[in-house]
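Nothing in this text is a laboratory measurement; each read-out follows from the coordinates by a stated rule. Quick caveat: nothing in here was measured; it's all calculated off a predicted structure. Using ideal geometry, Cβ is built from the backbone for each residue, glycine included, and neighbour counts are taken over all protein chains shown.
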Amino acid sequence: MKIRTLLILLLAFTFASLSWASEADDILKKSGDRFQKFPHWSLKFSVELRMSGSNEVAGGYQGELLLGRGDHFRLSLPGQVYSSDGITLWQYSQAQKQVMIKNLADLQGGMHPSEALFRYLKCKPISMTRITADGIPVYALKLDPAGQVKSFVSMEVWLRQSDETPVKIVTVDRTGTSTTYHISNLQKNSVTTDADFRFETPKGVEEVDMR
């Protein structure tokens, strides 16, 4: 009788595990499909850095991101802008008063700067819970970055239950440094054009064309 009870419990646990895993996979797929179906987005984000073994914020900054179809993006950070019309990449440094112009295809690493917020879509879920954060019901997914984002040892993403869009992303790298992205003002935009992503060099700024 005890063996039968244990088997029933084991089967129940197995089916429950398969159920949440399947649901988590489905939620991530819906999140990716949403950005594929509606490629024109804008958002703001803030970033907090915490060193290994510390709960104190060691650094942070804010940024804005405009996304268009394909490799069209404009990422604005304090003193820096990365912009691409799908062919050309402009990297502007306010401190250096310089714009580097490159072919996007020559970008080392194969991942352009705007993709940092969406690396969670490449990872497999290892657990999922439903919580409420700042009054917003979210799916909290712990992810396994192994084999996909090799610089991380762990990753977590919070997705709105209403539309599977990200609210918060937390990554931990191999040094133990934790990076938290808080995403706000996520909006689906009307259709953008190439002109929205071409960088206009400010007066007095040097252009270095590396194409």
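Quick notes
- Cross-link partners of residue 122 among lysines (Cα-Cα below 29 Å; sequence separation of 8 or more within a chain): 29, 30, 37, 44, 102, 142, 150, 168, 188
- For the chain, the longest principal axis of the Cα atoms and the long axis of helix 2-37 meet at an angle of about 20 degrees.
- Within the listed set 37, 122, 168, the Gaussian network model of the chain (springs between alpha-carbon atoms below 10 Å) gives the highest mean-square fluctuation for 37.
- Helix-only [θ]222 nm of the chain, DSSP H runs n ≥ 4, -39500 (n - 2.57) each, per residue, nearest 500: -6500 deg cm²/dmol
- Spin-label pair residue 98/residue 186, simplified geometry with 7 Å Cα→Cβ offset, distance in nm: 3.6
- Computed lengthening from residue 124 to residue 64, 0.36 nm per intervening residue step minus Cα-Cα distance: 18.9 nm
- Packing, taken as the mean count of other beta carbons within 10 Å per residue, orders the peptides 95-104, 202-211 from highest to lowest as 95-104, 202-211.
- Note on 57, 167: ascending count of other Cβ atoms within 10 Å places them as 57, 167, the fewest first.
- Long-range HN-HN contacts of residue 153 with modeled amide H, under 5 Å: 172, 173, 174
- nm² value of the averaged projected area, convex hull over the Cα atoms of the range 2-209: 15.1
- Only Lys, Arg, Asp and Glu carry charge here, each on its Cβ (+1 for the first two, -1 for the last two); on that basis the range 129-192 has a dipole of about 60 debye about its Cα centre.
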